[in-house]
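Participant: I have a structure I would like to understand better, so I am pasting it below and will then ask my questions one at a time.
The values are calculated or read from the model by the stated rules, or taken from the named source; none is laboratory data. Keep in mind that this is a model prediction, so the values were computed, not measured. Cβ coordinates were reconstructed from backbone atoms using ideal geometry, including for glycine residues, and neighbour counts include every protein chain displayed. All accessible areas refer to the heavy atoms of the entire protein, side chains included, with ligands and DNA or RNA removed. Shrake-Rupley method; radii C 1.70, N 1.55, O 1.52, S 1.80 Å.
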Amino acid sequence: AGYRQNAKPGDDPQKFPPTFYYANAIELFERLAHYGLYIGLAIYLRKVVEMSDIEVGFTLGNFRFLGSLAPIPCGAIADKISFKRSLQIAFVGYATAYSTILFFPKKAFVVAALMLAAVSGGFLKPVIMGTVVRTSPPGRQTEGFAVFYRMVNAGSVVGKILAYAVRRLVHIRFVAATSVLASLISLGIASFFYKEP
């Protein structure tokens, strides 16, 4: 994984390898995409897709439910096919889902897209956590997870601010465009820079 395995007391702290930082950058952009869209998703479903309040609640509930279950089977698959391929699957799925929400704001399309996004998250979550574990040098795991959670929080804040700006200056429908862009950036990082830990 690019770091020394046999560190001794008094040695300089081992460095985090590049893949650790690439994984955290991926997490930053994924959270930006997710929270940017999710913060106004109920409004989008109500006003743009023209769902009823009951339909909105049912759709969001199933989106969250599937998102919480998906990492179990998807994490097992990720161990079989490699972390890198799992990240590529995740972000192709995310980009497809967010593009569908942007260009096809119809009930059936949007519901299917949200379920695809939930499954895509199932491939992402265990892989990023696993990468942080595998690439954090011995004795620096706590620091590694501190960086990871800072990326989660930063992505959330930036995503919400960006979504608000797009909603105010353009239209709520085009918030999904920022999620598409963030997903494509993450796909690029995963494809060209991320190395299997």
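This table checks each residue for (1) among the small types (Gly, Ala, Ser); (2) in contact (Cβ under 8 Å) with a residue 12 or more places away in the chain.
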site	(1), (2)
PRO137	no, yes
ARG140	no, yes
ALA165	yes, no
ARG173	no, yes
ALA176	yes, yes
SER186	yes, yes
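Participant: Could you please let me know if PHE63 is more than 23 Å from ILE39 (Cβ to Cβ) and of a type in the set (Phe, Trp, Tyr)?
Facilitator: Details: more than 23 Å from ILE39 (Cβ to Cβ): no; of a type in the set (Phe, Trp, Tyr): yes.
Considered against the rule, which asks whether it is more than 23 Å from ILE39 (Cβ to Cβ) and of a type in the set (Phe, Trp, Tyr), PHE63 comes out as no.
Participant: Using the structure shown, decide if GLY155 is under 22 Å from ALA117 (Cα atoms) and without any contact (Cβ under 8 Å) to a residue 60 or more places away in the chain.
Facilitator: Details: under 22 Å from ALA117 (Cα atoms): yes; without any contact (Cβ under 8 Å) to a residue 60 or more places away in the chain: no.
For GLY155, the condition - under 22 Å from ALA117 (Cα atoms) and without any contact (Cβ under 8 Å) to a residue 60 or more places away in the chain - is not met.
Participant: While we're looking at this one, here's another question. How about region 57-72: which of its residues are under 13 Å from PRO126 (Cβ atoms) and open to solvent by 70 Å² or more (accessible area, probe 1.4 Å)?
Facilitator: The answer is SER68, LEU69, ILE72.
Participant: OK, next. Since VAL175 meets every condition but one in (1) open to solvent by 20 Å² or more (accessible area, probe 1.4 Å); (2) in contact with a Lys or Arg (Cβ under 7 Å, 6 or more places away or on another chain), which condition does it not meet?
Facilitator: (1)
Participant: If you go through region 73-121, how many residues are closer than 21 Å to THR178 by Cα, in contact (Cβ under 8 Å) with a residue 24 or more places away in the chain, in a helix (DSSP H, G or I) and open to solvent by less than 60 Å² (accessible area, probe 1.4 Å)?
Facilitator: Looking only at that region, the number is 20.
Participant: While we're looking at this one, here's another question. Considering only region 133-153, state which residues are of a type in the set (Gly, Ala, Ser), in a helix (DSSP H, G or I) and either open to solvent by 50 Å² or more (accessible area, probe 1.4 Å) or in contact with a helix residue (DSSP H, G or I) (Cβ under 6 Å, 6 or more places away or on another chain) (or both). Spell out how you get there, then give the answer.
Facilitator: Our first condition is that a residue be of a type in the set (Gly, Ala, Ser); within region 133-153, this holds for 136, 139, 144, 146.
Applying the additional criterion that residues be in a helix (DSSP H, G or I) yields 144, 146.
Of everything in region 133-153, just one residue is of a type in the set (Gly, Ala, Ser), in a helix (DSSP H, G or I) and either open to solvent by 50 Å² or more (accessible area, probe 1.4 Å) or in contact with a helix residue (DSSP H, G or I) (Cβ under 6 Å, 6 or more places away or on another chain) (or both), namely GLY144.
Participant: Given the structure, is ALA70 among the small types (Gly, Ala, Ser) and farther than 16 Å from ALA177 by Cα?
Facilitator: Values: among the small types (Gly, Ala, Ser): yes; farther than 16 Å from ALA177 by Cα: yes.
So ALA70 passes the test.
Participant: Across region 154-172, what is the total count of residues that are open to solvent by 50 Å² or more (accessible area, probe 1.4 Å) and part of a helix (DSSP H, G or I)?
Facilitator: First, the residues of region 154-172 that are open to solvent by 50 Å² or more (accessible area, probe 1.4 Å): 157-158, 160-162, 164, 167-171.
After this cut, where a residue has to be part of a helix (DSSP H, G or I) as well, the list is 157-158, 160-162, 164, 167-169.
Residues meeting the conditions: 9.
Participant: Quick check on region 132-143. Is at least one of its residues touching a Lys or Arg at 6+ places or on another chain (Cβ under 7 Å) and at pLDDT 95 or above?
Facilitator: The answer is no, given that none of the residues of region 132-143 is touching a Lys or Arg at 6+ places or on another chain (Cβ under 7 Å) and at pLDDT 95 or above.
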